[in-house]
Structure formats: C-alpha cells, structure tokens
C-alpha cells in the first residue's frame, strides 16, 4: 500500500489502469471534474446554511466556497482552452452509494458529523485520484495541474475530519470513520471503469 493511501486512510487504492481510460477522453474527465468542484462549493454552502451556529465551521466553509469555485474556474478555463464547452453534469454513482451508509435522522450533531465524514472521504478519494493523475498522465502539463490540486484536496480532507472529531465523541467518530472507510473500499471494487473523478 502506497504512502499516499496510508496518509489518506483509504483501504483500497485506485486501479492504475483507470488513468488509461481517462487519457482516452480528457474532455469527459474535465467536465466531470468541473462539476465535482461546483458540488464541493455547494456542499460548503450547505454547511453554512444548515449549521450557522458553528462559527468556526462557517468561517472555514466561507473560505472553502471561494477556493472550490476558483478550482471550478481553473478546470473550466482548461476546457475552453481546448476548444470544448462544459458538458452536462454527470451522475456520481460513487457519492450516491457512499451517502447511504449512515442511517438518516439522529440529533443535529450526529447529522453534522455524518455529513463531515462523507465530505472528508470524498475529498480523500479525490486527492488520491489527483495524485494518480499527477504521476501517470503522459500530458505533463495536465499532470502538473492535478498535482497542484492534489495538495489542496489533502488539506480539505483533514479539515473535514478534524471538524467531525471536534463536534462528535472522538472515540465514536473514529469508529464510524473506520467503518465508512471499509464500506468505501467495497464501493471502489466496482468502480475505476469510467473517465470520471470518482467512477
């Protein structure tokens, strides 16, 4: 298991052959990536709207909205530079499956912790995917682009996980995090087959 996977806590690395799929359709991966950044900004806004009394979270999410939208612009600019246009949003089967893990309901704090853990894991997997692209893509300029984004995603993962541990019972949160990681590894066994960030 690579050092990057250990650092992120992920239990199953992406099949490296996924990069070969991506290289055959860069336009598709960029469109999917752009919408991932847009959704990340929307997620940050949803934390502000849903949990305004958590001032430190609101402060960090405000900064994150700006960062994610700037990433969206970077990806969109790259799409335009290639003479393409942003396509329609793609269904993200990874996220759809992931967010069914925790039962619905519970206290506001429980709901917040669960949403933070989901966000942390999505960022961790995005980071791992960006690392793979930065190391394996033949297009060195695009590889550098993904290396720079990888650094940001790693910071986001630790921030969300840190907030979950801050707001919930530490022992319980750590247990849930490990269970979620195990579940995510099972999801990943059926993915890495399409030119999408999580697919």
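Counting residues that are more than 15 Å from the chain's Cα centre (by Cα) and modelled with pLDDT of 95 or more, which helices (runs of 4 or more DSSP H) fully inside segment 1-96 reach at least 1?
Correct list: 26-50, 55-81.
Show the residue pairs that are 6+ apart or on different chains and have beta-carbon atoms under 9 Å apart, the first residue being within segment 27-47 and free of Cβ contacts under 8 Å to residues at least 12 places away in the same chain and at positive phi, the second being buried (at least 18 other Cβ atoms within 10 Å of the Cβ) and assigned to a helix (DSSP H, G or I).
Close Cβ pairs satisfying both conditions: none exist.
Give all pairs with beta carbons closer than 6 Å in which a residue from segment 104-122 that is closer than 17 Å to residue 153 by Cα meets a residue that is in a loop (DSSP other than H, G, I, E, B); count only pairs at least 6 apart in sequence or on separate chains.
Close Cβ pairs (under 6 Å, with a partner that is in a loop (DSSP other than H, G, I, E, B)) amount to 118/99.
The values are calculated or read from the model by the stated rules, or taken from the named source; none is laboratory data. A quick note: this is a predicted structure, and the numbers were derived from the prediction, not measured. Don't worry about glycine lacking a Cβ; one is built from the backbone with ideal geometry, like all the others, and counts go over all protein chains shown.
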